[in-house]
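What follows draws every value from the coordinates through simple rules; no lab data is involved. The shown structure was predicted, so the numbers you read here are calculated from the model rather than taken from an experiment. All Cβ positions, glycine included, derive from the backbone under ideal geometry; neighbour counts span all protein chains shown.
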Amino acid sequence: MRIGILTAGGDCPGLNAVIRGAGRRLLREGHEPIGLRRGYRGLAHADHMTLDHPALSGLLPMGGTILSTSSYDPFRHDDGPQRVRDAMARKDVDAVIAIGGEHTMEITRELHAQLDLPVVGVPKTIDNDIVGTDRTFGFDTAVHVATEAIDRLHSTAQSHDRVMVVEVMGRNAGWIAVMAGIAGGADGILVPEVDVTVEELAANIRRRHDRGKDFSIIVVSEGARLAFADGSSRKVRASDDTDEYGYERLGGIGAALAKELEEATGYETRVVVLGHIQRGGTPTASDRILATRYGVAAADAVLDGAFGTMVALDGSEITRIPLSDVVGVKPVDLRLLELAKTFF
Ligand code: F6P
C-alpha cells in the first residue's frame, strides 16, 4: 500500500517524530509511506515527497515538520472535494495518516464520512485540548518552555519589585497556563475556562506584598478574558484593531492585564508574551516518546483498516477512538487550578 502522511494546522514539537514513527513502521511492514506536503493541500494538489529510509532519518529531535503545514481545508475550496476524489481515483494514495488539531480532525472526519477517504487521525496541539485523548504531543515541550521562562522571570521580578504578567498560548483552554503555573510557582493564573477579576488578582498581589513578597508572577492564557468586579468582561485579542497608522495593535490579554493590574495595585508591571517560542525547537523526551507511540499506532491502525479513527492516549494505553467522538474542546482540569491556588 502507498500511505500518505500529512501534517496540518499549526506546527508542534514532535510532528517529525510522528512522521518517523509511522513511516518506519510502514517501511518495515513492506509498505510505501509518502509525504503529502502542506497538509491536505498536498493531497488535493498532488504535492508529494518520498519518505524512504534516508528521508526518515534524523527526525526524532527535529522541531517543525519536514512536510510543511497549512490549514488548507478542501471543503472551503469549490474544487477541493473533487480534487480529493481525483487523487483517490488516480490511486495517488491508498490511505492517509492526518496529523493535526481540532480543525484537522473535523476535516478528516468529513473526508471519511462524505468521500469515504481511508484515513486515520493523530491528535496534535501544544494546547492539549483535543477531546478524546489524555495528552497531545507538543504539550510537554510547551509547558517546559513556559516553566523555564517563569523561572527566569522570577529573578528579574524580584530584583525590581515588579509584577510580571506572562502570556502563554492556549486559545480555548488553559492547560499550558495551569501546568506551567504550577511548575513555575505562579502567584496567579488566568485561563479561558474561569473568569478571575482584575480586582481579585490585585487583592492577591497586595496581600503578597503585605506578607513581604514584593514581586508577583501572573500567568495568563492568550484566550482568557479580562474581567472586572462589576461583572463586565471581554476577550482581548492581539491585532483586534489597527492604530492610526494602520498597524495591527500587538497587545493581547497579557498587555491589557498588565496595564489594569498596574493601575489597580500601583506596582510596576511588565508583560512577556511567549508566543511561538512555545511551539518551536526540539521536543522533550516525553513528547518524542508519545509522538513515536502515536506514529506507530497510526500506521498499525491503517494496516488494520481501522479508518475513521483517531489514535489517542487513555491513561497509559494507546487506543483508537471514532473521529465522530472528537468534537469540541477539552477544558483544563479545574482540580489542577485549585491545586495551584494553594500557593497564590
Ligand atoms: O492551536 C495551538 C496554538 O498554539 C494556539 O494556542 C494559538 O492561538 C495558535 O496556535 C496560534 O497559531 P498561529 O499563529 O500559527 O495561527
Magnitude of the charge dipole, the chain, Cβ model with Lys/Arg +1 and Asp/Glu -1, debye to 20: 800
Straight-distance crosslink candidates among lysines, where the alpha carbon sits under 20 Å from Lys341 and sequence neighbours closer than 8 are dropped: Lys213
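When DSSP assigns beta bridges and you keep just the ones with both residues in the range 140-276, what percent turn out antiparallel, to the nearest 5? The partial results should precede the final answer.
On the way: 5 of 20 bridges.
Roughly 25 percent of the DSSP beta bridges within the range 140-276 come out antiparallel.
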Crossing angle, helix 285-303 versus the chain [Cα axis fit, 0-90 degrees, rounded to tens]: 30
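Specify the longest stretch of the chain that does not include any exposed loop site, a site being one of the GluC sites (Glu not before Pro) with a non-H, G, I, E, B DSSP assignment and at most 14 other Cβ atoms within 10 Å. Walk me through the numbers before you get to the answer.
On the way: sites that count: Glu29, Glu244, Glu268.
Between exposed loop sites, the widest span is 30-243.
Cα convex hull of the range 140-276: how many Å³ per residue? If you can, show how the numbers build up before the last one.
Details: hull volume 15.1 nm³, N = 137.
Considering the Cα atoms of the range 140-276, their hull volume per residue is 111 Å³.
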For the chain, built as a Gaussian network whose Cα springs stay under 10 Å, the top-fluctuating residue of Ala55, Ala22, Ala299: Ala55
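State the percent of C-alpha pairs, over all pairs in the chain, separated by a distance greater than 39 angstrom. Please report the intermediate quantities before stating the final value.
Numbers: 13089 of 58996 pairs.
Beyond 39 Å sits 22 percent of the P(r) for the chain.
Just for the chain, what percent of DSSP beta bridges are antiparallel, to the closest 5?
Details: 15 of 48 bridges.
Taking every DSSP beta bridge within the chain, about 30 percent pair in antiparallel fashion.
Kindly provide the helix-only [θ] at 222 nm of the chain, computed as the sum of -39,500 (n - 2.57) over DSSP H runs of four or more divided by all residues, to the nearest 500 deg cm²/dmol?
-11500 deg cm²/dmol
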Degrees, to the nearest 10: 15-28 long Cα axis against longest axis of the chain: 20
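Quote the charge dipole size of the range 140-276 about the Cα centre in Debye, to the nearest 20; the model charges only the Cβ of Lys and Arg (+1) and of Asp and Glu (-1).
Numbers: 15 positive and 23 negative charges, 58 e Å.
Approximately 280 debye in magnitude.
Which of the trypsin sites (Lys or Arg not before Pro) found in the range 55-120 are in a DSSP loop and have at most 10 neighbouring Cβ atoms, other than their own, within 10 Å? Walk me through the intermediate numbers first.
Values: sites: Arg76, Arg83, Arg85, Arg90, Lys91, Arg109; in loops: Arg90, Lys91.
Loop-located and lightly packed - Arg90, Lys91.
Within 12 Å, Cβ to Cβ, of Asp47, how many net charges do the neighbouring residues add up to if Lys/Arg are +1 and Asp/Glu are -1?
Details: positive: Arg37, Arg38, Arg41, Arg83; negative: Asp92.
Computed value for this residue: +3.
With 29 Å as the cut-off, how large is the P(r) tail for the range 1-152, expressed as percent of Cα-Cα pairs?
On the way: 1863 of 11476 pairs.
That fraction is 16 percent.
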Highest-fluctuation residue, Val236, Val178, Val219 considered, GNM on the chain with Cα pairs under 10 Å: Val236
Helix 102-115 axis, angle to the chain major axis (alpha carbon atoms, nearest 10°): 30
Dipole of the chain, positive end: most advanced residue of Gly14, Ser155, Ile189 [Cβ charges, Cα centre]: Gly14
